[in-house]
Structures are given as structure tokens and as C-alpha cells.
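Read the structure below first, then the notes.
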Amino acid sequence: CCGFPLSIFFIVINEFCERFSYYGMKAVLILYFKYFLHWEDNFATAIYHTFVALCYLTPILGAITADSWLGKFKTIVYLSIVYTIGQAVLSVGSINDLTDHNRDGSPDNIALHIALSMIGLILIALGTGGIKPCVSAFGGDQFEDDQEKERSTFFSLFYLSINAGSLLSTIVTPNLRATECGIHTKQRCYPLAFGVPAVLMAVALVVFVIGSKMYKKVKPQGNVMLQVSKCIGFAITNRFRHRSKEFPKREHWLDWASEKYDKQLIAQTKMVLKVLFLYIPLPMFWALFDQQGSRWTLQATAMNGDFGVLVQPDQMQIVNPVLIIIMVPVVDYLVYPLIKKCKINFTPLKKMTVGMFLASMAFVAAALVQVQIDKTYPVFPAAGQTQIRLINLGVNPATVQFQPQLQSVDVAPNEATGYMIFETSKLQSLHIISAFLNKTEHLELLEGQRYTLAFKWSPLGINSNLILDNVTSKPEEGKNLIRFINNYPYSVNVTMDDMAFGALDPLSVSNYSIVQNQDWSFLIKASNPLASCTVLSKKFGFGGAYTISVDDCTKYILNVTYFEDIAPNTVHMAWQIPQYFLLTCGEVVFSVTGLEFSYSQAPSNMKSVLQAGWLLTVAVGNIIVLIVAGASKLDKQWAEYVLFAALLLVVCVIFAIMASFYTYVDPNEIEAQFSEEKKEEDKKDQDDKEKEAEADSRM
């Protein structure tokens, strides 16, 4: 088709579906851990990065299996089956109704959900990692040697399908997660968010198998990674056997493998090890980079996602692929040429150093954003303390004295104070004075709790109600807590859309109800047997708690007053864009350049070894994160961001020093030199054989 093997279209579609499946599942994974499995942030982060590390360790296993045993086609098919089963198991494990026998909205057997989720993730890691090194190489195998241009076009289409799949899934699956579904109770729809990627993976497998008869299947020819590993292993053991001084030293420790392996393999292995040595500091970059899906997504949950349309916290990850699409051509066709015109020798290793520095600055930016977020968090009472807030629902100003002689507070009509902290043991009573009337409220308070004292002046006296708020943390997932207080002189029944808050007596308060953040207002209705009044609510924002006073009715329009119990998220998600921009710029000059440098410094038959080494640095980087997340004693998240930024900055300096001692080589020249030597040896052997034959004929 148009000069291309028809089989490659099946491979491109397969890759699109597989990348949609992987990135779609991964986008919502950290929030699944936090909100469904109810793991605290550090543990959720550690498990997330353990999974990502596994995904980057298994490609080595997949490459060896494909090259040495099953071949690429069978490896892709078998591991895709494992992959699909893993996605399905994860989706089933996220079904709340699976163990919610009492129908209270929470799983009764959380251990079963955790077990299914972990089994699913292990199978997914084995599947996605195992096929990672096989699919692109299998696509390249479909072309003949004279189809270099078509092969290049295929790889462009292949990587376009990767970006398209990841971009689309990062938009779609967070929206699926944010919807509500369930048989008995409505919950965040994780089964759908994981189920759609599972279906896409099944489609990927079916599409790939359909093209089976069209594929060109190359038989396994052995894996060069195994050869290199055996060569290194033999050199080490041989050197250990000949460690006494009676054996002369050799120029390089790998030369101890010369008894078993040819000079060319040893020379190529030396070149590879030189590059792999430079890889040692690289995991620190990936330790920061892969936190986009964990720490940065968790950071976004405490931010305001109103961009005109509602943006989910896990959708902010889309900024990275969008910026990649923009920044790669800008850097290649504008930044690098400008640097070249300035006659600056911007070598690949210098580019990688700059990439590390930019990633470090991205985490400084993340820390600055986190400091602003922390300022919006409410302060809750510590042990031995109690908080009290006053709400004056009357038409007259009032003064409240905290006894015995702790402090005095003035409260204007229809106004509320902030929460005031007192030592529980010292606060005994409140004395309210308003319009020549007064009342004393004796207190029996619980430590570590918040209370609201609502009061109202009337000609017959001051009415008051001390309310236990029963809220000890800010609402999660951007949800809001709403309750109503009745400021009518008689009982009313209060509803908000389809949520019933019950019949409320004068000055009585409903329980808090969880309300999802939405782009529209709710219809508030207060009714009694004689009449009912309605009004549209204001938009509540993200992560706030409100007490709404139902005051009175004017021509069937309900008058309400809003009191803010917990401030909503005020730091906008757009403030994450600078840190994403810095990290993406770092990725462009680090990752793209790193692969280009590695390939330029490796022999043609050793590129797979360097690819394995590169993927291993990603795995180690994620292991660093899970160690820090598990062992960190830092109370503040901004401090952890600064710690990572400082570590990468130190590693950046170390890498710059290592890079300054590196000597660039041309593997093609070295291979050509060995080729010439081999020709000369072959010619010499041929001449020797001819001389021997001539001598034999004379005899």
C-alpha cells in the first residue's frame, strides 16, 4: 500500500491502542491508590513508582526472550495476552460493589481489592515492559534493505501513534474516573477508567493477530546483551583467577576476556561500558521526571481546576506531551541554531547537563507553588485545644465574652468570626450580650474538635445553639461539604437539587453532605406546609466547606447567607504550568539528546544494550523515589521538592565533571579498522594456505 508493507498498519494501530491503554490507566493510578484504596500519600507514591520501575525493568526480559527463544511475534502475542488479563483484573479489582455487601458505599473486604489490583499491575508491568523493545523492532523487520525511506516514515508514524494514544488517553480516562457509577451506591467510576484501557488493549491484541499472515517473521538470532554480559563475566572471573603478581597486567580489565572472546567484541564492549559509566548519575533525572504522575498529580488535587471548563487533577499531566510537541521543533530549529551561531560548542553531554539543571529548577517551582497551597490549608486544633467560631444570625450586633476572662469578641449582624483556638481545660462558658439582653452558655467541649456557636437576638431573649462541626480535615478530590442552618422562626424542610437535608427546627443545623464540584449552580429549596421558596446557589469551587443560613423569603425567592467554614482551593492549577514547562524543556534537551548521544557512541550491533541501559536508569530513578517516599521524615511536601531539586543539582555537577573527561569516539571508524584487520588476517590465512598447498604439490 503506497510502497509500504500492508502489515505495518496493523502494527501502528496496535501501538496506538496499547499506548492508550497504558497511559490511560497510569494517569488515574495514583488517585485510585489514594481515594479508593485509601492509602496515604507516601505509601501511594511508593507503590506507584514501584510499578513504573517494574515497567522499565521487564523490557530487558522481553528483549532476551524475543531474541533468544520465542521471536518477536510470539513474544508480543503472549505478553499482550498477559497485559490484557492484567488490565481486566485491575478493572475488576476497582469495582466497589464487588465486596460492598452492606451497601454503605465502602468495600467490606479492602484486602481483596488490593490483592486484585496488585496482581493486575504486576501482569501489566510484565506485559507493557516485555513488548516495549519488540514492537518497534518488529515493525522495522517488515521492510527490505532498499526501503530505508519507507522505514524512516514508518518510525515517524509509529512515534506519532505513541503520542496520539498517550495524549488522547490522558484526556479521556480522568473524565471517565470523575463520572459516578455503581449498582448500589454511586462512586467515582474507576472500573470504567480502567475498563476502557483494558478494552483498548484487547483491541490491540486482536488487530495485531489479524495481521499475522502478512508479517515477515525473523527467527531468533541470539541476544547481544547476553554476549556482552558473558564477556564481562568471563573477564572478571578470569582476572580473579590470575590475581597473583606473577601474571602481567593488561591494558584494560576487559582484555582478560581475550582467551575466549574475539578482539572486536571486547573493543565494542569497552565502548559500551564507557557510555554506561556516564549513565550512573542519570537515574536522578528520572526520579524527578516521573513524579508528574504521582506527587504533582497529588499537588493538583489541592488546587482550583476551573479553566472555564472543569479540569481534573490527573488531566494536568497532558501539559507534558502538548509541550513536547511544541518544544521539540522549537529547540531543534530555533534554539540550537542560535547557539551554534553564537559559536558555542554545545555538545550532547552539555545539553544533558542543562536538561538536569532545568528539571531541578522545575522542582524549585513546584516547591514555591506548594508553599502557596499550604497557606490555604485550614489549621485544626492540636491535642488539648478546641476551636470555636461565632455566627450572629440576628439583626443586632453582639459581644461574646469567653469565660473566665479569656477574651471578648464583637460580631456584626449576619456575620461570622474565624475559628479561634482555646485550651480546652481553660474555656468554661460564653457570655453573649446583644441589644440589652444577655445569655450565658456553659460549655462541655471535646479536645481536638471544632465548634460553631450560632446565636440570634429576639425580643424574648437570645437563642443559641452550640454545634459540633465534626470535620477534622479539608475535603478531598476537590469535593465540597455543605450544611444548612435554619434562621426561620419556624421549622422548614431544606433540599438542594436531589439532596434532602431534612426538616430543621429554628437555629438547628443539618449534617454536612458531600457535594461534587460542578460548573453549574444547585437549586436550594426551603418549604413548609404553607409555602416554599427557591434560589440558585453560588458555585462552590473546590475543596471548601460551607454553612448556608436559610434566612427568609421574598416573593417566593429564598434569601440565604453563606458562611465559609473551610476556604476552597484558591491556588489555580495554571500555576503548575511553569514547572511542567521547565521539566519538559529539560526532557527535550536531556532525553532526546541522551538517546542520540548513546546511539552515536555505540557500535551498530550494541544499540540494544544501550537501550536496555537507558531503560534501566528510568527504573532506578523510580526506585529512588519510592525509597525517599518511604523513608522521608519531612513533614512538608515543599521541603521534599527542595530535597529532590538539591539532589539533582549535586548530581548535575557530578555529571558535568564526568562529561568533561569523556572523549568522543566514532564507532564506525573503529569497526572499519577491525574490518580491515580481519580482511588482512583472512588474506594472510589464504596466502598461508596457498603456500602450504604449493609446498605439498612440490613434494
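For the range 338-354, backbone phi angles converted through the Karplus equation (6.51, -1.76, 1.60; θ = phi - 60°) give residue-by-residue couplings of 5, 5, 5, 5, 7, 6, 9, 7, 8, 6, x, 5, 5, 4, 5, 5, 4 Hz, Gly and Pro being listed as x. Ligands, DNA and RNA left out, the 1.4 Å accessible surface of the chain is 61% carbon and sulfur atoms. Peptides 388-395, 407-414, 562-569 ranked from most to least packed, by the mean per-residue count of other Cβ atoms within 10 Å: 388-395, 562-569, 407-414.
Checking every one of the GluC sites (Glu not before Pro) in the range 336-444 against DSSP loop status and a limit of 15 other Cβ atoms within 10 Å picks out 444.
Evaluated with a Cβ-only charge set (Lys, Arg +1; Asp, Glu -1), the range 104-244 carries a dipole of roughly 700 debye about its Cα centre, given to the nearest 20. Net charge in the neighbourhood of residue 426 (other residues with Cβ under 15 Å of its Cβ; Lys, Arg +1, Asp, Glu -1) is -3. For the pair the range 186-247 and the range 344-361, the centres of their Cα atoms are 30 angstrom apart.
Under 5 Å between amide hydrogens, built in the peptide plane, is the criterion, and for residue 420 it picks out 388, 389 among residues at least 5 positions away or on other chains. Candidates 460, 493, 404 compared by Cα position along the dipole of the range 385-566: farthest toward the positive end lies 460, with charges placed on Cβ.
Using the 1.4 Å probe convention, the accessible area of the range 385-566 works out to 48 Å² per residue with neighbouring protein chains retained. Taking 7 Å steps out from each Cα toward its Cβ at residue 403 and residue 38 produces label points 4.2 nm apart. For the pair residue 309 and residue 243 in one chain, pulling the backbone fully straight at 0.36 nm per residue adds 16.8 nm over the alpha carbon distance. With each label modelled as a point 7 angstrom along the Cα→C-beta vector, the residue 635-residue 144 pair spans 7.3 nm.
With respect to the chain, whose longest principal axis is taken over its alpha-carbon atoms, helix 41-65 is tilted by about 20°. Residues with beta-carbon under 14 Å from that of residue 456, excluding residue 456: net charge, scoring Lys, Arg +1 and Asp, Glu -1? My count for the surroundings of residue 456 gives -4. Equivalent ellipsoid of the chain: semi-axes from √(5λ) of the C-alpha gyration tensor, largest first, are 66, 28, 22 Å. For residue 131, the shell of other residues with beta-carbons less than 10 Å away shows a net charge of 0, using +1 for Lys and Arg and -1 for Asp and Glu. The calculated 222 nm mean residue ellipticity attributable to helices in the chain amounts to -17000 deg cm²/dmol, summing -39500 (n - 2.57) over DSSP H runs of n ≥ 4 and dividing by all residues.
Listed by chain and number, the lysines whose alpha-carbon sits under 26 Å from that of residue 340, ignoring those within fewer than 8 places in the same chain, are 350, 351.
The stretch between residue 643 and residue 280 holds 128.7 nm of extra length on full extension. This uses 0.36 nm per residue minus the Cα-Cα distance.
In terms of packing, defined here as the mean over residues of other Cβ atoms within 10 angstrom, the peptides 481-489, 147-155, 630-638 line up highest first as 481-489, 147-155, 630-638. Under 5 Å between amide hydrogens, built in the peptide plane, is the criterion, and for residue 569 it picks out 542, 543, 544 among residues at least 5 positions away or on other chains.
For residue 607 and residue 184, the FRET efficiency from 1/(1 + (r/R0)^6), where r spans their Cβ atoms and R0 equals 56 Å, is about 0.55. Computed from phi, the 3J(HN,Hα) profile of the range 390-407 under the Karplus parametrisation 6.51, -1.76, 1.60 (θ = phi - 60°) reads 10, 10, 9, 8, x, 9, 10, x, 9, 10, 10, 9, 8, 9, x, 6, 8, 6 Hz, with x in place of Gly and Pro. Return the whole-Å distance between the Cα centroid of the range 131-146 and the Cα centroid of the range 398-467. Each part reduced to its Cα centre gives a spacing of 76 Å.
The values are calculated or read from the model by the stated rules, or taken from the named source; none is laboratory data. Treat the numbers as computed from the prediction; the structure is a model and nothing was measured. Note: ideal-geometry Cβ built from the backbone for every residue, glycine included; neighbour counts use all protein chains shown. Accessible surface is based on the protein model in full, side chains and every heavy atom, while ligands, DNA and RNA are left aside. Shrake-Rupley method; radii C 1.70, N 1.55, O 1.52, S 1.80 Å.
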